[in-house]
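Below is one structure; the comments refer to it alone.
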Amino acid sequence: MVWSISLDRTWSRCQKQYFFQYKMASSTASDEQRNRAQFLKELMSPELWQGKLVHKVIETIILPAVKSRFWPNPEMVVSEAVALAERQFAFSLNKTYESVPKKEAKGDYCVLTPHFFGTSDDREIFDEVIDVVSNALRNLLISEQMRSFLMGRPQYRIEKTHYFKVGNTQVQAIPDLIMLNKLRGGFDIIDWKVATTSGHYDFQVGVYALSIKATDWLFEKAPGEIHGYVINLLESEPAIALADPYKVNDEVLSSIIDIAYEKIERIEALVKGRKWQELNIDDFMFARSIGTCALCNWKSMCVEMSNGSPAKFLPDSQPRPTQLTLPFD
Ligand code: SF4
C-alpha cells in the first residue's frame, strides 16, 4: 500500500469507498468492473471541479510566471481560467468522454456528476463555478502581500510528488507548493484552499513537512524550521493566513509520525499482504453517514456488489440503470 492524506480521508469517510477508489479502480485491468470503478473515480462534483480549476491555473499559469519573476495580470489569468472551464464543461455536457478517452482529451477531460447522472445540464452550474474560480484567482493576484510572499524565492517546487516511509509503508505526499525561505533558512509549504468553511490542516501540513525532511538533497538546502501556510483563496485577503503559520519542529514531526503510524496500521490490518483478488468488499465498513452515500460516485456499484444489502443504508435516489452503461475504450 502507498498511503497518503487523501487515501486516509477516503478511508475515514467510508471503507467501501476506499475499496473502490484505491483497490478496485484500474484503467489497465481486463476486468470491465474495475474499469468502471476507475471511470467513476474521475467524476467530479461542481465543488470539486472549481477547486481543481483553481489549482490547475495556479500550477500551470501563475506559478510558472512567478518563477520567471513576473506577476501575472489578474484579468488575463481569469480569462484563461474561463476558457479552460468552457472547454471542460462542453466536454462533460456533450458527453465527449463517450468517444474520446482521457489520454487523448488531456486537459479538457472532465465528467461532471450532474451531467453523468442526468440531474442537471443547467448553465447555472458553470456560472456559479466561474464566479468562485474568478474570485479566488483575483483575491490571490490583487493581494500585494501575497505577491511579495511568493515572488523572488530561490527555489519553487510545484505539485512535486515525494515518497518516504513510515515503518515499512510507503507514503506519498504532493504539496501544492514548497518554497525555500532564504531569510529563515527553512522551507515554506503552501496549501491552496477554495473553501467556504474552515478546517484543521495541521496533520496534512505535518505530513508534507515530513516528506521534505525525508528528502535529503532537498532538506539539506535549508535545514531550518519548516512553516506551513494554508491559504484560503476565498478570503478577500488570502494573506491573512501568512500571519499564523503552522510551525513544524522536531517535536511536532515525531507526533505526526506516531499518528500516521496508527492510521496506517488500521488500514494494513485489513489489506496488508492481500492481493486484489483476495479482498472481499463485505469486509469493508459502510459510511457512517448517508450524506456521504448521497455524494458517492460508486453508489450504484456499492449496491450491486453488496447484493442489495446496503440499500437500507443508502439514500433513495440511485442513478438510473441506463447510467450504469459506461464508456470504456
Ligand atoms: S454508497 Fe455509501 S457505503 Fe457505498 S461506497 Fe459509497 S459512501 Fe460507501
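Below is a table of values for the structure above.
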{"quantity": "Residue match in region 112-121 (condition: in a helix (DSSP H, G or I) and without any contact (Cβ under 8 Å) to a residue 60 or more places away in the chain)", "calculated": "yes"}
{"quantity": "Residue match in region 68-85 (condition: in contact with a strand residue (DSSP E or B) (Cβ under 9 Å, 6 or more places away or on another chain) and either of a type in the set (A, V, I, L, M) or under 15 Å from CYS110 (Cβ atoms) (or both))", "calculated": "no"}
{"quantity": "Number of the exception - LEU7 against (1) under 21 Å from the mean Cα position of the chain (by Cα); (2) more than 16 Å from the ligand (Cβ to nearest atom)", "calculated": "(2)"}
{"quantity": "Total residues in region 143-165, condition part of a helix (DSSP H, G or I) and under 19 Å from ILE5 (Cβ atoms)", "calculated": "0"}
{"quantity": "Subset tally (residues that are under 16 Å from LEU210 (Cβ atoms), touching a strand residue (DSSP E or B) at 6+ places or on another chain (Cβ under 9 Å) and either assigned to a helix (DSSP H, G or I) or hydroxyl-bearing (Ser, Thr, Tyr) (or both)) for region 221-266", "calculated": "9"}
{"quantity": "Residue in region 293-300 that is in the same structural domain as TYR208 (by TED's automatic domain parsing) and either in contact with a Pro (Cβ under 9 Å, 6 or more places away or on another chain) or modelled with pLDDT under 90 (or both) present", "calculated": "no"}
{"quantity": "Subset of region 66-81 (residues that are part of a helix (DSSP H, G or I) and surrounded by 14 or more Cβ atoms within 10 Å (Cβ to Cβ))", "calculated": "VAL66, LYS67, PRO74, VAL77, VAL78, GLU80, ALA81"}
{"quantity": "Subset tally (residues that are of a type in the set (A, V, I, L, M), more than 27 Å from THR197 (Cβ to Cβ) and in contact with a Gly (Cβ under 8 Å, 6 or more places away or on another chain)) for region 219-267", "calculated": "3"}
{"quantity": "Any chance LYS52 is out of contact with any Pro (no Cβ under 8 Å at 6 or more places or on another chain), touching a residue at least 60 places away in the same chain (Cβ under 8 Å) and of a type in the set (Lys, Arg)", "calculated": "no"}
{"quantity": "Answer residue from region 166-193, given it is assigned to a loop (DSSP other than H, G, I, E, B) and out of contact with any Lys or Arg (no Cβ under 9 Å at 6 or more places or on another chain) and is nearest to LEU63 (Cα to Cα) among those", "calculated": "ASP176"}
{"quantity": "ALA37 vs. criteria within 16 Å of the ligand (Cβ to nearest atom), over 15 Å from the mean Cα position of the chain (by Cα) and in contact (Cβ under 8 Å) with a residue 40 or more places away in the chain", "calculated": "yes"}
{"quantity": "Test: residue in region 311-318 that is at pLDDT 85 or above and part of a helix (DSSP H, G or I)", "calculated": "no"}
{"quantity": "Complete set of residues in region 267-300 that are part of a helix (DSSP H, G or I) and near the ligand (Cβ under 8 Å from one of its atoms)", "calculated": "ILE290, THR292, CYS293, LYS299"}
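Listed here are the residues, each with its yes/no results for (1) touching a residue at least 24 places away in the same chain (Cβ under 8 Å); (2) among the β-branched types (Val, Ile, Thr).
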{"residue": "ALA222", "(1), (2)": "yes, no"}
{"residue": "HIS227", "(1), (2)": "yes, no"}
{"residue": "VAL230", "(1), (2)": "yes, yes"}
{"residue": "TYR246", "(1), (2)": "yes, no"}
{"residue": "ASP258", "(1), (2)": "no, no"}
{"residue": "LYS263", "(1), (2)": "yes, no"}
{"residue": "GLU268", "(1), (2)": "yes, no"}
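The values are calculated or read from the model by the stated rules, or taken from the named source; none is laboratory data. The model shown is predicted, which means the values in this text are computed figures rather than measured ones. In this analysis, Cβ positions are derived from the backbone assuming ideal geometry, glycine residues included, and neighbour counts consider all displayed protein chains.
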